[in-house]
Amino acid sequence: MHHTGVKEVGMVFKEQFDAIDFNTRWIDMPAEVNRVGHLFAEISGNKGKKILLIGHLDTVFEKDSPFQKFKKDGDIAYGPGTNDMKGGDVVVLYALKALHEHQLLNDAQIIAAFTGDEESTGLPLDISRKDLIDAAKKSEVALGFETSTGFNYATVARRGSSGWQLEVKGKRAHSSGVFNERVGAGAIFEASRILNAFYTDVKGEEFLTFNSGVILRGTEIKFDSAVSKGEAFGKSNVVPQTVMVKGGLRFISEEQKEKARSKMKKITKENLPHTSATITFNDSYPAMQPTDGNLKLLTLLNEVSKDLGQGVVEAYDPGKRGAADTSFVADYVDCLDGLGGMVHIHQKKH
Ligand SMILES: [Zn+2]
């Protein structure tokens, strides 16, 4: 969300890509998206595979984060986002610089796409991810340089992530009447029933997880989604009339996502007396499935790694990886991710 900072990082990379004869463009986002934009660098040609290299310019740290400290010690830089993912961005740049130096980029078709909003994707997605998807449609292979999980693993599949919001209504009344024919169960018991049924009936499939992140309940509630904070008012002698729960859902395929959603919807409708509930879903990252094409890329990387004496490279467990930009292009090109930098824990504290 630090618009000027993200753009400044973009300009540093732009200059470097310009210097190796890439056509660079800064893509502004419209005001409604509330993100600053992306840097794309491209060389056009017909030789070799058409390649898309994916990075991002933003970090998870806000402008006023106490962790916003940058230090350079000789050739080593320390700071927020060096791992996720300036390290990966630098891997992309220096690989291309080396190829350029040896005139190996002549007539190649390569796009380096560095988004400015990977950590919190701008909405709507059809604006914020349009340029990335267009670049994928022009490419055959996408390589993501997100945080690595070691030399010996690459990502061929990762789960998608999405959100859900549950709203429950009950009948406000004096607590002496709770459970009777006129008052019913109240909103809090109903919300508890729903969440418990999610836990017992929806949980369990491989790669499927869902979390309930925040809940507000009582006679009156207020929630400000911009800052994810709220307040609740209620009394022990009043049957509560309202509950709101916000959560997330991660999945390995669209099919798994839809199946989980329909189970959750069904549970939401089986209401306790004098209560009602609705659940709504929103998409954020699609899943990246372990396709044959992705596995072929992994085989290639494995061979190269062994030739370089770096050992075998295997597929990383998709259940352990977070979502990333590669997922948006996985339907259009063969993908490999997790090719970037990696946290290295020093003895000394920086
Ligand atoms: Zn990242």
If you check Leu53 against the conditions, is it out of contact with any Ser or Thr (no Cβ under 9 Å at 6 or more places or on another chain), in contact (Cβ under 8 Å) with a residue 24 or more places away in the chain and within 15 Å of the ligand (Cβ to nearest atom)? yes
Out of curiosity, is Lys7 under 14 Å from Gly116 (Cα atoms) and touching a Ser or Thr at 6+ places or on another chain (Cβ under 7 Å)? no
Search segment 115-132 for residues being surrounded by 16 or more Cβ atoms within 10 Å (Cβ to Cβ) and among the β-branched types (Val, Ile, Thr), and hand back the single one that is farthest from the ligand (Cβ to nearest atom). Thr121
For Asn294, indicate whether it is touching a residue at least 60 places away in the same chain (Cβ under 8 Å), within 22 Å of the chain's Cα centre (by Cα) and surrounded by 14 or more Cβ atoms within 10 Å (Cβ to Cβ). yes
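Check segment 258-271 and report whether any residue there is of a type in the set (D, E, K, R) and in the same structural domain as Asp89 (by TED's automatic domain parsing).
The initial filter retains those residues of segment 258-271 that are of a type in the set (D, E, K, R), namely 258-259, 261, 263, 265-266, 269-270.
Those still in the list that are in the same structural domain as Asp89 (by TED's automatic domain parsing) too: none.
Scanning segment 258-271, I find no residue that is of a type in the set (D, E, K, R) and in the same structural domain as Asp89 (by TED's automatic domain parsing), so the answer is no.
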Count of residues meeting criterion [away from the ligand (no atom under 16 Å from the Cβ) and either out of contact with any Leu (no Cβ under 7 Å at 6 or more places or on another chain) or outside any loop (DSSP other than H, G, I, E, B) (or both)] in segment 133-152: 11
Could you list, ordered by first residue, the pairs with Cβ atoms under 6 Å in which the first is in segment 78-89 and free of Cβ contacts under 8 Å to residues at least 24 places away in the same chain and within 17 Å of Glu62 (Cα to Cα) and the second is among the polar types (S, T, N, Q) and within 10 Å of the ligand (Cβ to nearest atom), at least 6 apart or interchain? Pro80/Thr59; Gly81/Thr59
Condition first: away from the ligand (no atom under 13 Å from the Cβ) and more than 13 Å from Leu143 (Cβ to Cβ). Now tell me which residues in segment 81-96 satisfy that. Val90, Leu93, Tyr94
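Rundown of residues vs (1) within 16 Å of the ligand (Cβ to nearest atom); (2) over 30 Å from Phe70 (Cα atoms), yes/no style:
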| site | (1), (2) |
| --- | --- |
| Leu272 | no, yes |
| Ala277 | no, yes |
| Gly309 | no, yes |
| Val329 | yes, yes |
| Cys335 | yes, yes |
| Val343 | yes, no |
Output the residues belonging to segment 157-208 that are surrounded by 16 or more Cβ atoms within 10 Å (Cβ to Cβ), hydroxyl-bearing (Ser, Thr, Tyr) and touching a residue at least 60 places away in the same chain (Cβ under 8 Å). Ser161, Ser162
Within segment 97-112, track down each residue that is touching a residue at least 12 places away in the same chain (Cβ under 8 Å) and either more than 16 Å from the ligand (Cβ to nearest atom) or in contact with an Asp or Glu (Cβ under 7 Å, 6 or more places away or on another chain) (or both). Lys97, His100, Leu105, Asn106, Asp107, Ala108, Gln109, Ile110, Ile111
Please state which one of Gly293, Gly322, Gly311 is in contact with an Asp or Glu (Cβ under 9 Å, 6 or more places away or on another chain) and over 18 Å from Lys49 (Cα atoms). Gly322
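Please go through segment 303-343 and give me each residue that is in a helix (DSSP H, G or I) and either in the same structural domain as Ser253 (by TED's automatic domain parsing) or crowded, with 18+ Cβ neighbours inside 10 Å (or both), ordered by number.
Pro318, Thr326, Ser327, Phe328, Val329, listed by residue number.
Check segment 58-80 and report whether any residue there is within 14 Å of the ligand (Cβ to nearest atom) and either touching a strand residue (DSSP E or B) at 6+ places or on another chain (Cβ under 7 Å) or in a helix (DSSP H, G or I) (or both).
Checking segment 58-80: not a single residue is within 14 Å of the ligand (Cβ to nearest atom) and either touching a strand residue (DSSP E or B) at 6+ places or on another chain (Cβ under 7 Å) or in a helix (DSSP H, G or I) (or both).
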Per the filter on segment 147-204, residues farther than 30 Å from Gln310 by Cα and aromatic (Phe, Trp, Tyr) are Trp164, Phe179, Phe189, Phe198, Tyr199
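Okay, residues lined up against (1) at positive phi; (2) modelled with pLDDT of 95 or more; (3) more than 26 Å from the chain's Cα centre (by Cα):
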{"position": "Lys269", "(1), (2), (3)": "no, yes, yes"}
{"position": "Leu272", "(1), (2), (3)": "no, yes, yes"}
{"position": "Thr280", "(1), (2), (3)": "no, yes, no"}
{"position": "Asp283", "(1), (2), (3)": "no, no, no"}
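The values are calculated or read from the model by the stated rules, or taken from the named source; none is laboratory data. Because the structure is predicted, anything quoted here is derived from the model rather than measured. In this analysis, Cβ positions are derived from the backbone assuming ideal geometry, glycine residues included, and neighbour counts consider all displayed protein chains.
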